[in-house]
1. Among the candidates Ile88, Ile59, which residue alone is within 28 Å of Leu270 (Cβ to Cβ) and of a type in the set (Val, Ile, Thr)?
2. All but one of (1) among the charged types (D, E, K, R); (2) under 18 Å from the mean Cα position of the chain (by Cα); (3) under 25 Å from Val135 (Cβ atoms); (4) assigned to a loop (DSSP other than H, G, I, E, B) hold for Arg12; which doesn't?
3. Check every one of the helices (runs of 4 or more DSSP H) wholly within the stretch 22-80 and list those with 3 or more residues that are closer than 23 Å to Gly154 by Cβ.
4. In the list Val96, Val55, which residue meets the criterion of being modelled with pLDDT of 95 or more, crowded, with 24+ Cβ neighbours inside 10 Å and in contact with a Gly (Cβ under 7 Å, 6 or more places away or on another chain)?
5. Residue check: is Ile268 surrounded by fewer than 22 Cβ atoms within 10 Å (Cβ to Cβ), in contact (Cβ under 8 Å) with a residue 60 or more places away in the chain and closer than 23 Å to Met31 by Cβ?
6. State all residues of the stretch 343-367 that are in contact with a Gly (Cβ under 8 Å, 6 or more places away or on another chain), small (Gly, Ala, Ser) and assigned to a helix (DSSP H, G or I); if no residue qualifies, say none.
7. Please go through the stretch 294-306 and give me each residue that is surrounded by fewer than 24 Cβ atoms within 10 Å (Cβ to Cβ) and within 15 Å of Val328 (Cβ to Cβ), ordered by number.
Amino acid sequence: MTASRTVRLGLRENLGQFSLLVAVNAFVGAMVGLERSTLPIIGADDFGLGSKAAVLSFIVAFGLAKALTNLAAGSLADRVGRRRLLIIGWALALPVPLLIAVAPSWSVVVGANLLLGVNQGLTWSMTVVMKIDLVGPRRRGFALGLNEAVGYGGVALAAIVSGWLAADLAPRDVLVAAGAIVAVAALIVSALFVRDTAAHVALEQRGSDGADDERAPSLREALLHASWTSPDLRACSQAGLVNNLNDALAWGLVPLYLAAPGASIGAIGLVAGIYPAVWGLTQVATGAWSDRVGRKPLIVAGMLLQAGALGILAASGGRVGIAVVAAVLLGLGTALVYPTLIAAISDRVSPVARAPVVGVYRFWRDSGYVVGGLVAGVAADALGFAGAIALVAGLTAASGLWVALDLDRRARLPDRLARQPA
């Protein structure tokens, strides 16, 4: 049989593999969620770090590694294969809990987060791209919403459970044991059950208005196009960066902000988990909504809602009750933005260009962890917690206005960004 008769696009037609990839993405989220309520506290308590910039150095390392890995993964996806990159990503996660367990200094923990960044860059990128490959263009927003919902549901559950356990057990022990279990389980599932989606990409390309012999753009072409020459892609890339800038603040600074007036680690874990829980649970609806009403209105509204939530948090004085409200609003704003940005990128490029261009977008988005870790840490040392949060709120509002001015509301393919063979 030919590939066109044995391979079909669509959620229902590929429900088994799609569901499996959803489950794998829950493991991806859990791997990083374990650190949300524990690692900033470990840095301050176990390693005696007083500088906020020093504590947040693990987020800078994580973000740098993840951003560069996303960039490479997009270009390698077609040459190496999506499934192989997924398996490699999980293999690289195995040393992370061991390094944190034996770390004699904070620099070793930072090094472990470099590996975690590579793991996240490979595994999350491949689960995203493979789901897009399977469902085709008609339900792309829904697929991405479901993917991100489960991934950040994993982040939330891991953050809440690890915070709860760390209230009675040593936080480092909780992080190490749970991290090892997640990494081993995800590697086994990925290696034994996940199948590659290259044939689905080829089938969609034949059905698009592009030629069968088009080739994916080079890394340089994709980087230039998604970063600057296309206003649509440029607007999405900067919004992704700022979105993860404020996520870095929520990850690294908010636990310390809440701990300063005396919040317990259990309460900190609750706030740290509510934000990605709301984000995760509502993304299925927001992704599907963007399929009907368009991407731009949701992105602009989401960025402005995030800015408002951060303003409330800055004014809260670290009080847990107000922080819970801010976390809910921040999660709702992020849910409007997160799957919608990737869907907007995917709408505007041809199937063969998807992985490289999404890789560039994810490079800029996860560079937000680097920028956010630096900005939040330095600003907190200089301005205090509330000043740093207010600064990031202003940057987030400005990003939303940028999207309002630069992003075409229509879903179209302004430049197919695919090359004919020489």
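The values are calculated or read from the model by the stated rules, or taken from the named source; none is laboratory data. Worth saying up front: this structure is predicted, and the values here are computed from it rather than measured. Positions of Cβ are generated from backbone atoms using ideal geometry, with glycine treated the same way; all protein chains shown enter the neighbour counts. What goes into the accessible areas is simple: the full protein's heavy atoms, side chains included, and nothing from ligands, DNA or RNA. Shrake-Rupley method; radii C 1.70, N 1.55, O 1.52, S 1.80 Å.
1. Only one candidate passes the filter, namely Ile59.
2. Going through (1) among the charged types (D, E, K, R); (2) under 18 Å from the mean Cα position of the chain (by Cα); (3) under 25 Å from Val135 (Cβ atoms); (4) assigned to a loop (DSSP other than H, G, I, E, B) one by one, Arg12 breaks only (2).
3. Here the list reads 39-45, 57-80.
4. From the options Val96, Val55, the qualifying one is Val96.
5. No.
6. Result: Ala343, Ala355, Gly359, Ser367.
7. Leu305, the sole residue that qualifies.
So that you can scan it fast, the table gives a plain yes or no per residue for (1) among the charged types (D, E, K, R); (2) under 21 Å from the mean Cα position of the chain (by Cα); (3) assigned to a helix (DSSP H, G or I); (4) over 18 Å from Lys52 (Cβ atoms):
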| position | (1), (2), (3), (4) |
| --- | --- |
| Tyr369 | no, yes, yes, no |
| Gly372 | no, yes, yes, no |
| Val375 | no, yes, yes, no |
| Val378 | no, no, yes, no |
| Gly384 | no, no, yes, no |
| Ala388 | no, no, yes, no |
| Leu395 | no, yes, yes, no |
| Gly400 | no, yes, yes, yes |
| Leu405 | no, no, yes, yes |
